[in-house]
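Asker: One structure is given below, represented as structure tokens, and several questions about it will come after.
The values are calculated or read from the model by the stated rules, or taken from the named source; none is laboratory data. This is a predicted model, so every value here is computed, not measured. Backbone-built Cβ (ideal geometry, glycine too); neighbour counts: all protein chains shown. With ligands, DNA and RNA removed, areas are computed over all heavy atoms of the protein, side chains included. Shrake-Rupley method; radii C 1.70, N 1.55, O 1.52, S 1.80 Å.
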Amino acid sequence: MQKFFLGGRLIFGPDARSLPVTLLLISVPSIIFCIFVARHLRHRFSPYNAGYGIMVVAVVFTIYVLIILFLTSARDPGIIPRNSRPPEEEPHHDSSVPAQARNRHTPGRQFPRTKEVMVNGIQVRVKYCSTCMLYRPPRCSHCSICNNCVERFDHHCPWVGQCIGLRNYRFFFMFVSSTTLLCIYVFSMSALYIKVLMDDNHRTVWEAMKESPPSVVLMAYCFIALWFVGGLTGFHLYLIGTNQTTYENFRHRADNRINIFDRGCPSNFDEIFCTKLNPSKINFRALVQEEVPRPTEEAKAEDVGGDTHPKIEVDLENRQDLLKISEQHNIEEGIDLSKISQRQNDEENDSRESNDTLRSTLEADSIMGINHRASLTMTMTRSDPEPSSYGNSSSEIAADSHTNSTLTIKEAGRLFE
């Protein structure tokens with residue numbers, strides 16, 4: 001994350017610790033040059049004391065480079081403020097995302113990775129940044145080091161400890177090109193001093209170099225630095241002329257894309273160096289505002305005008321009433337069942353008593369019939385003169401009546417069983 005100083009007036013990148021190293025790499029050679037080279041050249045151009053100008057130019061040029069470095073590193077590169085909530089777009093449900101991952105994040109809500117916008121009459125595809133929760137504007141990219149989306153993102157420079165974007169690109173180019181000129185100047189003046197030593201005492205190159213070792217060291221240092229800052233200056237001159245960024249150059253070259261932002265070399269240089277810079281989109285000096293939480297269901301109900309607490313109490317009362325009604329209903333059903341079972345038991349007892357009464361009646365009737373038949377038989381035997389024949393017949397009648405009574409009792413028993 002960015003580092004702020006003086007109440008948000010100075011904004012440095014997360015790797016601002018490398019900035020002092022860059023300061024030393026520029027200031028130390030300049031100090032050595034002023035002490036061991038420019039000081040000896042003050043009186044070499046006596047007519048106009050032009051030798052003093054060599055030291056003045058070196059000091060002023062060094063200060064100018066350091067100021068440009070400070071302007072590049074301590075300003076907003078064009079950070080786009082991130083959203084606290086996803087954009088108001090229709091999300092789609094991504095079935096490829098596991099259910100557990102969807103539950104941990106926004107459940108099943110997946111925004112389209114890209115969408116189309118019009119730039120100079122041509123459709124351009126912009127990407128959705130899940131970290132900043134926004135669709136990046138054209139030519140914008142997310143810096144993984146600063147963890148911010150930067151307008152017209154060029155690259156992240158570790159030497160200045162800051163992203164290079166829309167609002168500090170011109171200062172970055174001025175820093176690189178000025179450093180290149182400073183290296184050329186120091187190299188040239190050191191070589192001039194070696195030539196002066198050779199001309200004074202008619203010495204050879206090696207003898208002059210032995211007399212001024214700092215000049216040799218400065219020449220070697222500037223020669224090596226020129227390969228870096230000089231090559232970087234030439235590369236960015238090409239990018240400005242074609243209206244590209246470092247990120248776009250590598251990406252478009254790999255994808256063989258057409259540069260739709262190129263408006264011609266003069267217009268491209270005018271866009272970089274003569275266009276007024278817009279103010280920062282973030283007020284870094286403002287107080288941090290607390291994020292308003294998302295409205296919950298209860299908050300929505302309160303906004304509508306309803307109170308959630310009475311609603312909960314009413315629900316509890318209704319639930320208790322339902323429980324009481326169900327318990328009373330169960331009790332009534334239990335009472336009805338007990339009455340029905342008691343009635344069934346009474347009916348069974350009544351049926352059993354009626355069966356017993358009928359059985360006893362039948363048995364009494366059968367006994368009375370046997371007694372009546374027996375009395376008739378005795379009367380007939382008394383009036384009959386031939387006892388042998390009547391005796392046989394009476395015994396047969398008695399046996400038949402006994403058999404009939406037995407069968408009648410058995411049938412009645414079977415019937416009531």
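Asker: Tell me, what is the per residue accessible area of the stretch 146-202 in Å², probe radius 1.4 Å?
Answerer: 34
Asker: Under a crude label model (7 Å from the Cα following the beta-carbon direction), how far is K3 from K210 in nanometres?
Answerer: With each label placed 7 Å out from Cα toward Cβ, I get 4.7 nm.
Asker: On full extension of the chain, what length is gained from F70 through R125, given 0.36 nm per residue of separation minus the C-alpha to C-alpha distance?
Answerer: Full-extension gain reported as 16.3 nm.
Asker: Which value, in Å² and to the nearest 10, is the accessible area of I260 when all protein chains are kept and the probe is 1.4 Å?
Answerer: 40
Asker: Non-local amide H neighbours of V119 (under 5 Å, H modeled in plane, Pro and chain starts lacking H): which ones?
Answerer: Under 5 Å from the amide H of V119: V124.
Asker: Now for a different question. For H155, what residues show an amide H to amide H distance below 5 Å, using hydrogens built from the backbone and excluding near sequence neighbours?
Answerer: I164
Asker: OK, next. Run through the stretch 1-51 and list the chymotrypsin sites (Phe, Trp or Tyr not before Pro) located in a DSSP loop whose Cβ has at most 12 other Cβ atoms within 10 Å.
Answerer: In loop regions of the stretch 1-51 (DSSP not H, G, I, E or B), the sparsely surrounded chymotrypsin sites (Phe, Trp or Tyr not before Pro) are Y48.
Asker: Follow-up question, since we're still on this one. Give the residues of the stretch 135-153 whose amide nitrogen is closer than 16 Å to a point set 7 Å from the Cα of T114 in the direction of its Cβ.
Answerer: Counting only backbone N, you get 135-142.
Asker: Using r as the Cβ-Cβ distance of R82 and V56, and R0 as 30 Å, what FRET efficiency do you calculate, to the nearest 0.05?
Answerer: 0.05
Asker: For the stretch 115-187, what is the charge dipole size about the Cα centre, in debye to the nearest 20, if Lys and Arg each add +1 at the Cβ and Asp and Glu each add -1 at the Cβ?
Answerer: Numbers: 8 positive and 3 negative charges, 42 e Å.
The dipole magnitude comes to about 200 debye.
Asker: Another one. Given the Cα-Cα distance of C265 and S46 and 0.36 nm per residue of separation, how much length would full extension add, in nm?
Answerer: Computed gain between C265 and S46 is 74.3 nm.
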